[in-house]
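Worksheet: the structure to be examined is printed underneath.
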Amino acid sequence: MKLIEAIIRPEKLEPLKDAFLKAQIKGMNVRQILGCGNQHGWVAHNRGSEVMMNMLPKIEIKIVVTDDKVEDTVKLIIDTVRTGEIGDGKIFIKSVEDCIRIRTGERGEGAV
Amino acid sequence: MKLIEAIIRPEKLEPLKDAFLKAQIKGMNVRQILGCGNQHGWVAHNRGSEVMMNMLPKIEIKIVVTDDKVEDTVKLIIDTVRTGEIGDGKIFIKSVEDCIRIRTGERGEGAV
Amino acid sequence: MKLIEAIIRPEKLEPLKDAFLKAQIKGMNVRQILGCGNQHGWVAHNRGSEVMMNMLPKIEIKIVVTDDKVEDTVKLIIDTVRTGEIGDGKIFIKSVEDCIRIRTGERGEGAV
Ligand SMILES: Nc1ncnc2c1ncn2[C@@H]1O[C@H](COP(=O)(O)OP(=O)(O)OP(=O)(O)O)[C@@H](O)[C@H]1O
Ligand SMILES: Nc1ncnc2c1ncn2[C@@H]1O[C@H](COP(=O)(O)OP(=O)(O)OP(=O)(O)O)[C@@H](O)[C@H]1O
Ligand SMILES: Nc1ncnc2c1ncn2[C@@H]1O[C@H](COP(=O)(O)OP(=O)(O)OP(=O)(O)O)[C@@H](O)[C@H]1O
Ligand SMILES: [Mg+2]
Ligand SMILES: [Mg+2]
Ligand SMILES: [Mg+2]
């Protein structure tokens, strides 16, 4: 099992949810974060002086999938959220050792 | 060290905190998320048409414990938050490579 | 690649962002959480009876770095946020298997 963690532009959440629905990817969770990447956010002008606004609002979406679904899921995310402009986001992949469905007590891949 | 990540119904947070207090499980952190599982959330009726509400509010609770405490902690969570209805939640277990208590600089299991 | 997850006092976020800027650490994300550690939070007095306030607001900052930058980054965090008082926070280190820059499709260390 792997956790795919995608940090995306807020306006890409709805298109991504639709894409997941179509692709039958069901389990996921979502939260708001602030972040910066290579550009340290953008620079704003405040009364003539430059102000570093180095934290932009982003959406983090987490999906745990079985190993065989990782590459397709990553491709789907990129195809759905990519604009080609800076700030398109990042995807991090981590290993998950176990998963449990609390209702049934199921463990492992069947519980994902 | 392992990270136990439990996604639960919001109304189960208080009972779970009480259970942890009794079991002397001390370190944890909590945040609000939106999520969906097998059922893609529930379907609501909005002026006659169906609306897919595919993100429900959930609570994510994270607890880092030493390896010997994983199974007892998982059991305690299930016993406390399980209702038997769909949407009871998920538990994910991940490996943690190191832990540091910032105040003392302690590292490893003693810092958990 | 490693994920460094630091849970710190909210008032230490600005100093830490400044320290990262100076050290040329660019990618990070930030969120608010509630948490408790060894002390189960503090105890408040409410109309004469003790009330356990076992969740304090904290900031969680996540930084993915290449392996060679882990120790310097950890040291920078500790040096910047440590007060020596209880509640200074925790750092957790986890392994990250892959990273993708969505704009370019770059993968691995070059995408961090
Ligand atoms: N190394 C990192 N560690 C943790 N979070 C990161 C890291 N790099 C980026 N992020 C998160 O991803 C978000 C989007 O990053 P962003 O797309 O700007 O990456 P980038 O490397 O700057 O690529 P680009 O040059 O295309 O902008 C950031 O706001 C931050 O939340
Ligand atoms: N594969 C997954 N990846 C990431 N988060 C998930 C995943 N599956 C579930 N979740 C999270 O767990 C929450 C609760 O899931 P839920 O209990 O509905 O799981 P389920 O598999 O649908 O089980 P049930 O059939 O008992 O409802 C979701 O709202 C979501 O936040
Ligand atoms: N074992 C743990 N698992 C998950 N989160 C933790 C754990 N321990 C601490 N935290 C998080 O770190 C925050 C700060 O913890 P804190 O600094 O109080 O640690 P501590 O072990 O009690 O050290 P100190 O004795 O210096 O207070 C907590 O509010 C919580 O969010
Ligand atoms: Mg950027
Ligand atoms: Mg469900
Ligand atoms: Mg403490």
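Quick note: the coordinates plus some simple rules give every number you see, no bench work behind them. Since the model is a prediction, treat every value here as computed from it, not as a measurement. Backbone-built Cβ (ideal geometry, glycine too); neighbour counts: all protein chains shown.
List of remarks:
- Across the protein assembly as shown the C-alpha pair distances fall into 10 Å bins from zero in the proportions 5, 24, 34, 25, 10, 2, 0 percent.
- Note on chain C: GNM, Cα springs under 10 Å; of C:60, C:71, C:97, the largest mean-square fluctuation is that of C:97.
- Between 0 and 90 degrees, the angle of helix B:13-22 with respect to the longest Cα principal axis of chain B falls at about 20 degrees.
- Value of relative contact order over the stretch A:2-111, rounded to a whole percent, pairs C-alpha under 8 Å and six or more apart: 40 percent
- Seen against the Cα atoms of chain C and their longest principal axis, helix C:70-81 is set at about 40 degrees.
- Most fluctuating residue given options C:61, C:25, C:102, as computed from a GNM of chain C linking Cα atoms under 10 Å: C:102
- Extending 7 Å from the Cα toward the beta-carbon at both residue A:95 and residue C:104 defines two label points whose distance is 2.8 nm.
- Inter-label distance, nm, simple model (7 Å from Cα along the C-beta direction), residue C:82/residue A:11: 4.5 nm
- Distances in nm from residue A:26 to the matching label points in the other copies, shortest first (labels 7 Å along Cα to Cβ): 4.1, 4.1
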